[in-house]
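The structure under discussion appears below in the form of structure tokens.
Derivation of every value follows stated rules applied to the coordinates shown; laboratory data play no part. Keep in mind that what you see is a predicted model, and the values were worked out from it rather than measured. As a convention, Cβ positions derive from the backbone with ideal geometry for all residues, glycine included, and neighbour counts pool all protein chains shown.
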Amino acid sequence: MHESAPSTRPLTARRPAAALTGSLSVPGDKSISHRALMFAGLAIGRTQITGLLEGEDVLRTAAAMRALGAEVTQTGGIWQVWGRGVGGLTEPADVLDMGNSGTAARLLCGLLASHPMFSVMTGDASLRRRPMKRVTDPLSAIGARFAAREGGRLPLAIEGATDPLPVAYRLPVASAQVKSSLLLAGLNAAGHSVIEEPEPTRDHSENMLRHFGATVDVEVDGAGRIITLHGQPELKAADIIVPGDPSSAAFPLASALLVPGSSVTVTNVGLNKLRAGLFATLAEMGADITIANQRTEGGEPVGDLTATYGPLRAVDVPAHRVPSMIDEYPILAVIAASAVGTTRMRGLNELRVKESDRLAATAAMLAQAGVRVEIEDDDLLVHGTGAPPAGGGLVVTHMDHRIAMSGLVLGLSAAAPMAVDDTAFIDTSFPGFVDLMRHLGADFR
Ligand code: S3P
């Protein structure tokens, strides 16, 4: 989409004259939305999905599932999927373009690899730089064949296995995308697929598979988990309610913590504990964040979060927390820039292979605002002074939605405005972000 109609949307954020106040809800969870469309496409019957994220990444997944034979419709915010049954997808007639979405591309590889058909996948310039061997290597072991660009990068041609073998794999990196790709492949293999993860990663796939009637056993194994999927289940359509995305909620909540006098509530935020690392970290920093109205909706815990401005202190964020807040480091770094002391975020090597090299992009963004920042091996150190950053620089987003939103929040908190080179990619995960933030009182021009 972006490449056929290239249009950048620069924006400048400045400290608002008044505090940010108000209540809002954020769009649906991106991870759950991708999975809802894919699993519903493998179920028998009609699944209704409420609260699906209608961001560009998820729309790519919807288009891909249609191209694979599922019927996917949308009316007035309600999505319906008529699935094909496990193993029932059909060969796509054209190249599948996954846009900016690593999750869509990697999860879909698991589906394509476990059906006896030929497909080709591509993506935008950001996605074409990202590593795919982390999924194609284990998927080759079940009988699929891949041809890719140097380094296993997209575009990728896939010859799916005729009789996929069950998966037996220990993940070398803690990645929910790789785990989920393998679970999707294992669905169409006879017997049990066993996946070991060194550290627990988001378990939306496991939860949703059970919701559709599959048997998934999870055993705790030291710090990690062993997940066993019973192959070739009959998945039955089951309606899904998608909670608000905690990774999106992070931005308005962070803004409230940083703009003097502010208090902002985000309602209906997903609080799955394997996604809630940022909130644990902010509590350690002394942030005033309260949770009200905790409940379970569609099998996931949700609640209403209120963040109120106040002093913050630096923290040391342990590496074992990375999987539970992998997408939140850029915004945590922005918050840390206003805290008192040096925040060290450990073990961030996976940030180098996100929509951009997020470790480098985050450090560059803060340096542009006059913040003292260092990368030491895989750790990011942010030296906060307790005062607002100087600001006044330019944030280069590198086609990365989370860098764009973090840059805008940085501008709200800094003494001088911050310019962000391109906010167009925000639509991949948080359509409406700029307007919602303006409603709270953000000064974006
Ligand atoms: C996701 C998992 C994470 C995360 C991404 C979404 C998912 O990636 O960064 O935005 O939906 O499974 P990794 O699991 O590869 O770290």
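Taking N as the number of residues in the range 120-250, what is its alpha-carbon radius of gyration divided by 2.2 N^0.38 Å?
Against the empirical 2.2 N^0.38 Å value, I get 1.11 for the range 120-250.
Nearest 10 degrees is fine. How inclined is helix 246-258 to the longest principal axis of the chain, computing both from alpha carbons?
With both axes taken from Cα atoms, the answer is about 0 degrees.
Tell me the Kirkwood hydrodynamic radius of the range 30-229 in angstroms, computed as one over the mean inverse distance between distinct C-alpha pairs.
By the Kirkwood definition, the hydrodynamic radius is 16.5 Å.
Rg/Rh for the chain to two decimals, with Rh computed the Kirkwood way over all alpha-carbon pairs.
Reported Rg/Rh (Cα atoms, Kirkwood Rh): 0.96.
Once the Cα atoms of helix 176-186 and of the chain are each reduced to a long axis, what angle between those two axes, in degrees from 0 to 90 to the nearest 10, is obtained?
Between helix and principal axis, roughly 10 degrees.
Classify the range 24-131 as rounded, prolate or oblate, taking a ≥ b ≥ c as the square roots of the eigenvalues of its Cα gyration tensor: rounded when a/c is under 1.5, otherwise prolate if a/b is larger than b/c and oblate if not.
It comes out oblate by the Cα gyration axes.
log₁₀ I(q)/I(0) of the range 122-198 at q = 0.12 Å⁻¹, via Debye over equal Cα point scatterers, no solvent, to two decimals?
Debye output, listed in q order: -0.33.
Net charge near residue 29: determine it from the other residues with C-beta under 10 Å of the C-beta of residue 29, scoring Lys and Arg +1 and Asp and Glu -1.
+2
Need the list of lysines near residue 273 for cross-linking: C-alpha distance under 28 angstrom, and skip anything on the same chain fewer than eight residues off.
30, 179, 236, 354
Which FRET efficiency value, to the nearest 0.05, is calculated for residue 71 and residue 387 with the Förster distance at 51 angstrom and r the Cβ-Cβ distance?
Efficiency for this residue pair is about 0.35.
Once Lys and Arg get +1 and Asp and Glu get -1 on their Cβ, which of 121, 80, 53 lies farthest toward the positive end of the dipole of the range 40-141?
121
What shape does the range 31-82 take by its C-alpha gyration tensor, where a ≥ b ≥ c are the square roots of the eigenvalues and a/c under 1.5 counts as rounded, a/b above b/c as prolate, and the rest as oblate?
Rounded shape, in that the Cα axes give a/c under 1.5.
Near residue 414, within a Cβ-to-Cβ distance under 12 Å, what is the net charge of the other residues, with Lys and Arg +1 and Asp and Glu -1?
My count for the surroundings of residue 414 gives +1.
Working from Cα positions, state the angle (0 to 90°, nearest 10) between the long axis of helix 358-368 and the longest principal axis of the chain.
Roughly 20 degrees, rounded to the nearest 10.
Relative contact order for the chain: what is it in percent, counting Cα pairs under 8 Å that are at least 6 residues apart?
Rounded, it is 19 percent for the chain.
Using the Cα centre as the reference, give the magnitude of the dipole from point charges on the C-beta atoms of the chain (Lys, Arg: +1; Asp, Glu: -1; all else neutral), rounded to the nearest 20 debye.
320 debye
Starting from the Cα gyration tensor of the range 212-275, take the square roots of the eigenvalues, sort them a ≥ b ≥ c, and report rounded, prolate or oblate (rounded when a/c is under 1.5, otherwise prolate if a/b is larger than b/c, else oblate).
Oblate.
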